[in-house]
Amino acid sequence: MNSKRAAQRWVMGGGVFNCVVAFPFSMPFLHESYINLFNWLNTALRFGGNDWIPPNDGGNMLFLNTAGLALFLVGMMLIYASKNVSSRIEIALFNGVVRLVWAMVAIYYLVNHEVINLLYLIVAIDLILASSYIYYYFTIKFIRNHEVIA
């Protein structure tokens, strides 16, 4: 499989992942049930950490819903980028860098504040996606520059 096709699949997959994971957080009537699902999965898998307490005040609910909408939008941007990955690979690269930063912040909270350990799984997925985006960015840029020189 060529690099552009593989990059397209990784970027599309990351976009779909973002949309699926983030959408329930963006809806005022879904986020509490979704957080409870995370807690149930964490307990069922015996991952440990403290349960995630759904926000019950308007300000924190609005903040969570806004973050969910922003992550959903990022997912849509990745899906858009996957349609022409050769010329939009920078979108995936920027997303990969932000995923790396988020992973470091999440690990801080996982280690120091004992948040729900199911987030280690999300961190691992984000690190894999970030690595693939950065790899394909340089691969596609090298191929593009090599084609121009040849």
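Here are the numbers:
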{"read-out": "Which numbered condition ILE35 fails, given (1) in contact (Cβ under 8 Å) with a residue 40 or more places away in the chain; (2) in contact with a Phe, Trp or Tyr (Cβ under 6 Å, 6 or more places away or on another chain); (3) open to solvent by less than 60 Å² (accessible area, probe 1.4 Å)", "value": "(1)"}
{"read-out": "Output for the range 4-31, where each listed residue is in a loop (DSSP other than H, G, I, E, B) and either among the aromatic types (Phe, Trp, Tyr) or on the phi > 0 side of the Ramachandran plot (or both)", "value": "PHE29"}
{"read-out": "Filtered residues of the range 120-145 (kept if buried (at least 17 other Cβ atoms within 10 Å of the Cβ) and free of Cβ contacts under 8 Å to residues at least 24 places away in the same chain)", "value": "VAL123"}
{"read-out": "Close pairs (7 angstrom Cβ cut-off, 6 or more residues apart or separate chains): more than 19 Å from LEU118 (Cβ to Cβ) and open to solvent by 10 Å² or more (accessible area, probe 1.4 Å) in the range 3-27, modelled with pLDDT under 95 and part of a helix (DSSP H, G or I) anywhere", "value": "SER3/THR139; SER3/ILE140; SER3/ILE143; LYS4/SER86; LYS4/ILE140"}
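The values are calculated or read from the model by the stated rules, or taken from the named source; none is laboratory data. All values derive from a computational prediction rather than experimental measurement. Cβ sites come from the backbone with ideal geometry, for glycine too, and all protein chains shown count toward neighbours. Please note that ligands, DNA and RNA were not included when accessible areas were found on the heavy atoms of the full protein model with its side chains. Shrake-Rupley method; radii C 1.70, N 1.55, O 1.52, S 1.80 Å.
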